[in-house]
Amino acid sequence: MANRGNSVDGIFFLQLAVSLFLIVSGLLGIMDYASTGSKLSRFVNDIFGGGNNVITIVIAVAELISGTILLVGLFLLIRNRTLFFAVLFVFVLWAARMVLYYFLNGFLRPDALVWLHAMAPDLIVLSSLWVILRRYA
């Protein structure tokens, strides 16, 4: 719903920032997937038996769609349930991406401080998604 009270609160700005972040991340992920370098990388992976990185494009599309729903939800009447499931979907994908990237593909590498520093922005996004998710629960 467009305005859930008479005043604009901090969660409004958090949702605005996260929605714009998701839209831009989704667009960049799709554009990067279609770039010449990325196509060449996938071609070389296919030659040597590597898998096609479909998860990257799935996450990018989910970010773009969910970010758009969150942004539109700030200004137009959208059911809380729709917003809840849009945020939940991205929250689960973001958490899965973090587990794959930070825990299964390089736990504490190259060292603990660098690993924590690299993971911190993703934790901020995940925490923000959690706050927004609770708003629509």
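What follows draws every value from the coordinates through simple rules; no lab data is involved. Small disclaimer: the values here were computed from a predicted structure and weren't measured. Glycine gets a Cβ as well: all are built from the backbone with ideal geometry, and neighbour counts include every protein chain shown.
The table below gives the values:
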quantity: Note, ³J(HN,Hα) from phi for segment 98-114, Karplus 6.51, -1.76, 1.60, rounded to Hz, x at Gly and Pro; calculated: 5, 4, 5, 6, 9, 10, 8, 10, x, 4, 6, 9, x, 8, 4, 5, 5
quantity: 3J(HN,Hα) from dihedral phi, segment 116-121, Karplus parametrisation 6.51/-1.76/1.60, rounded to Hz, x for glycine, proline; calculated: 5, 5, 5, 7, 4, x
quantity: Gained length - Ile55 relative to Val72, 0.36 nm times residue gap less alpha-carbon distance; calculated: 3.6 nm
quantity: For segment 15-21, 3J(HN,Hα) per residue [Karplus equation, 6.51 cos²θ - 1.76 cosθ + 1.60, θ = phi - 60°, Hz, x = Gly/Pro]; calculated: 5, 4, 5, 5, 5, 5, 4
quantity: Cβ-Cβ FRET estimate between Val8 and Phe89, R0 fixed at 35 Å, reported to 0.05; calculated: 0.85
quantity: Inter-probe distance in nm under a simple model that places probes 7 Å from Cα toward Cβ, at His117 and Thr82; calculated: 4.3
quantity: Amide H within-cut-off set for Ile78, under 5 Å, with H built and near neighbours excluded; calculated: Ala2
